[in-house]
Every structure is written in C-alpha cells, then in structure tokens.
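The next block holds one structure in the form of structure tokens; read it before the comments.
The values are calculated or read from the model by the stated rules, or taken from the named source; none is laboratory data. Computed from a predicted model, the values in this text were never measured in an experiment. Cβ atoms come from the backbone with ideal geometry, glycine included; neighbour counts cover every protein chain shown.
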Amino acid sequence: MASLKLVSYNVHRAIGRDRRTMPQRILEVLREIGGDVIALQEVEASDSGVDMLAWLAAEMGFHAVAGTTLIRHDGHFGNGLLSRCPISNTQLCDLTWRGREPRGAIAADIVCNGSGLRVVATHLGLRPAERRAQVHQLLQLFSWRPEDRAVLLGDLNEWFLWGRPLRRLHRYFKRTRALPTFPATLPVLALDRVWAHPHSMLARVHVHKTARARIASDHLPIVATLDL
C-alpha cells in the first residue's frame, strides 16, 4: 500500500529558542522528517534577504505554493505549502476577521502515487470567535462526497480540545489525536493538528522531538502518515 507523509510546522520566521534566525536549521529538521507534503506557518521573505519558502523548495526539490497573509514595507509573511508530488490546482482563501491579524489558508489538489488528495494548510487566529468563523470558511473548501480524500493541517491556535471550532471540524473529520507541540522546549499545548478524510487512511500521527527541532523554532513539527 502506498503511503504519504505530511508535516505541519510553524517555523516562527526561523527564529530559534536561542533567538538566532537560522533557516538552515529548519531545512535540517525537514530533512530529518523526510515528508512528502509540508505545511509551513510564519514563513518570511525579506526584500533584502532570503525568501524562505522559495529557498526551501529549491534546496529540497519540491513544488511550492505561497500563501502570503501580511505584506510589509520590507517583505512578506504567511503560510507556505511544499510538495514532492505534482500540484494540479491551488486556491488561496482569505480568513482575516474584523481587523484582526491577517490569516489565510492554502487549498491544493495534489496527485501522489496516482491518487488525488485535497490538502488545506492554514494558520488560524487567536480569538475563539475568530477561529469559529475561520473554521466555517475552511469547511467550504472541502467536498462532502464520501469517496473524496482530503487533509486539513496547520496551526489552529486552539487551546481547548472541546472548543466549538473543533466540534465543527468533527462534522467532516473524525476526531484525531491531539498531541502537544508548543512550546518546543516542553510542549503542553496541541496547537498544531492534522485531520484526514476518510479517517481510515490516517495511519499514524506523531510529534517530531529531536534536539534540533527543539531549538529551531518555538513549535515542534507534527507528522502524519497516510495510507493511500
């Protein structure tokens, strides 16, 4: 049976626990994991420096989709999606809510090992009402046909595992394990999550806890293996 490894990783602009900005460490963590599809949050590009998403894609030989949420005078910032597999279609969804920090999602149709998969990568807001509205928008990006395959992954910023945003997601995705990923030094909060539809193709979910991952960002990566 063909398998696919997915990763969600809030890279915190490549600022590590030691407050040093080192994109190379993020690359090394991703190479440790060996993922096929990677959702990144807080990816930065500076007009005077490195476009981190483009640099990672070039180093890894992956396809890349940028989901910029914030444009500044000196560069831009937001989500990113990397895929070893071809991407046939992409859609950017604006999830910004009532003047809060800009948020968004990337929806991509990916073809892996002859199987189609809809992947939605996101980073939700900090307020509960904001997340409720954003989850409602996210669910519009999925087909409700039982034969379709889909994955939602990212930093949901949801502290409460029984919160209303997660209950809404469970109308489409069955419950999956909530594993703590933040803070990286001693994780206690399950902010980073992966869901799959149908749930039966989700073979394993774990947090990548190597010494390098604990220092490279303030979040640990979450990794899911799908059986296609």
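Taking PRO102 and the conditions (1) touching a strand residue (DSSP E or B) at 6+ places or on another chain (Cβ under 6 Å); (2) touching a residue at least 40 places away in the same chain (Cβ under 8 Å); (3) farther than 21 Å from ARG167 by Cα, which numbered condition does it fall short on, given that it satisfies the others?
(2)
Mind telling me which of the residues ARG214, ARG171 ends up being out of contact with any strand residue (DSSP E or B) (no Cβ under 7 Å at 6 or more places or on another chain) and modelled with pLDDT of 95 or more?
ARG214
Determine the pairs where a residue that is of a type in the set (A, V, I, L, M), located within the range 122-135, has a partner that is surrounded by fewer than 17 Cβ atoms within 10 Å (Cβ to Cβ) with Cβ atoms under 8 Å apart, the partner being 6 or more residues away or on another chain.
Final answer for the pair search is LEU126/ARG100; LEU126/GLU101; VAL135/ARG168.
Restricting attention to the range 19-39, which residues are touching a residue at least 24 places away in the same chain (Cβ under 8 Å) and either hydroxyl-bearing (Ser, Thr, Tyr) or over 17 Å from LYS209 (Cα atoms) (or both)?
MET22, PRO23, ASP36, VAL37, ALA39
Out of LYS209, LYS174, I need the residue that is part of a loop (DSSP other than H, G, I, E, B), of a type in the set (D, E, K, R) and either in contact (Cβ under 8 Å) with a residue 60 or more places away in the chain or within 30 Å of ASP18 (Cα to Cα) (or both). Which one? Break it down stepwise before answering.
Details: LYS174 fails: either in contact (Cβ under 8 Å) with a residue 60 or more places away in the chain or within 30 Å of ASP18 (Cα to Cα) (or both).
Residue meeting the stated conditions: LYS209.
Can you pull out every residue in the range 204-217 that is buried (at least 18 other Cβ atoms within 10 Å of the Cβ) and touching a helix residue (DSSP H, G or I) at 6+ places or on another chain (Cβ under 6 Å)?
HIS208, ALA213, ALA216, SER217 - these are the residues of the range 204-217 that are buried (at least 18 other Cβ atoms within 10 Å of the Cβ) and touching a helix residue (DSSP H, G or I) at 6+ places or on another chain (Cβ under 6 Å).
Quick check on the range 65-101: of everything there that is surrounded by fewer than 18 Cβ atoms within 10 Å (Cβ to Cβ), among the aliphatic types (A, V, I, L, M) and farther than 23 Å from GLY35 by Cα, which residue is modelled with the highest pLDDT?
Within the range 65-101, the match that is modelled with the highest pLDDT is LEU70.
What single numbered condition from (1) at pLDDT 95 or above; (2) in a loop (DSSP other than H, G, I, E, B); (3) crowded, with 21+ Cβ neighbours inside 10 Å; (4) touching a strand residue (DSSP E or B) at 6+ places or on another chain (Cβ under 8 Å) fails to hold for PRO180?
The one condition PRO180 does not meet is (3).
Output the number of residues of the range 102-154 satisfying the condition of being crowded, with 24+ Cβ neighbours inside 10 Å and either over 18 Å from VAL194 (Cβ atoms) or among the hydroxyl-bearing types (Ser, Thr, Tyr) (or both).
Within the range 102-154, residues that are crowded, with 24+ Cβ neighbours inside 10 Å and either over 18 Å from VAL194 (Cβ atoms) or among the hydroxyl-bearing types (Ser, Thr, Tyr) (or both) number 2.
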